[in-house]
Amino acid sequence: MPKIIPQEAKNRALKLYLQDTYSARQIAETVSTEFSVDVSNQTIYAWVKKYGWENELHKVKTKAVEKAAETESERLARLQKEHLDVYETIRRKASTELNSLTFDRALDAVKATTIGIQGERQVLEGLINLQFVQDVIQILIDEIDDAETMQRIAAKLRLLVSNTAKEEKDVAGNA
C-alpha cells in the first residue's frame with residue numbers, strides 16, 4: 001500500500017524546488033523532518049515529473065527575468081525622462097534669455113540653447129533605443145524555453161544595461 005503524504009508536505013517540497021537552490025536530497029530531508037513523514041529523493045523526482053514542476057520552475061525563472069528586465073528598463077526610462085526635463089529647462093531658459101540679453105551674454109544663451117537642443121535629441125534617441133531593447137528582450141523571453149539559457153542571457157543583459165547606464169551617467173557628468 002502506498003504511503004500517504006499530506007498535501008502540505010508536497011506544497012513545501014514544491015516551494016523548496018522552485019527556489020532552485022536545494023537538491024532533491026535536501027528537499028526530501030527538509031520535508032521529512034518538518035512533516036514527520038518518510039520522503040525519499042526518488043519521491044521528489046517522481047513529483048517533479050508527475051506534477052510538471054520543471055515547467056513551474058521555468059515559469060518562475062522567466063517571470064524573474066522579465067521583472068529584472070522591466071525594473072532596469074523602468075529605471076533607465078526614469079533617468080532619461082529626468083535628463084530630458086533638464087535639457088528642456090536649459091533650452092527654454094536659454095531661449096528666453098536670448099531675447100533680452102546684450103550681445104556678450106547672448107553668445108552664452110546661444111551655447112546653452114544648443115546644449116539643450118543637443119541634449120534633448122540625445123535623450124530622445126535613447127528613448128527610441130530603450131524601446132528597441134525592450135522589444136528584443138520580450139522576443140527573447142517569448143522564444144527561449146531553456147531556463148538556463150534564459151538566466152545566462154538575463155545576466156548578460158543586466159550587465160550590458162548597467163554598463164550603458166554608467167557610460168551615460170559619465171557622459172552626462174562631463175557635459
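The values are calculated or read from the model by the stated rules, or taken from the named source; none is laboratory data. Every value quoted in this text rests on a predicted model; they were computed, and no experiment measured them. Here the Cβ positions follow ideal geometry from the backbone for every residue, glycine too, while neighbour counts run over all protein chains shown.
Among residues of the range 6-58 being modelled with pLDDT under 90 and aliphatic (A, V, I, L, M), the one that is surrounded by the fewest Cβ atoms within 10 Å (Cβ to Cβ) is LEU18. Does GLN122 count as at pLDDT 70 or above, part of a helix (DSSP H, G or I) and closer than 22 Å to LEU160 by Cβ? Yes, satisfied.
The residues on offer are LYS156, LYS169, LYS93, and the sole one that is at pLDDT 75 or above, assigned to a helix (DSSP H, G or I) and surrounded by 12 or more Cβ atoms within 10 Å (Cβ to Cβ) is LYS93.
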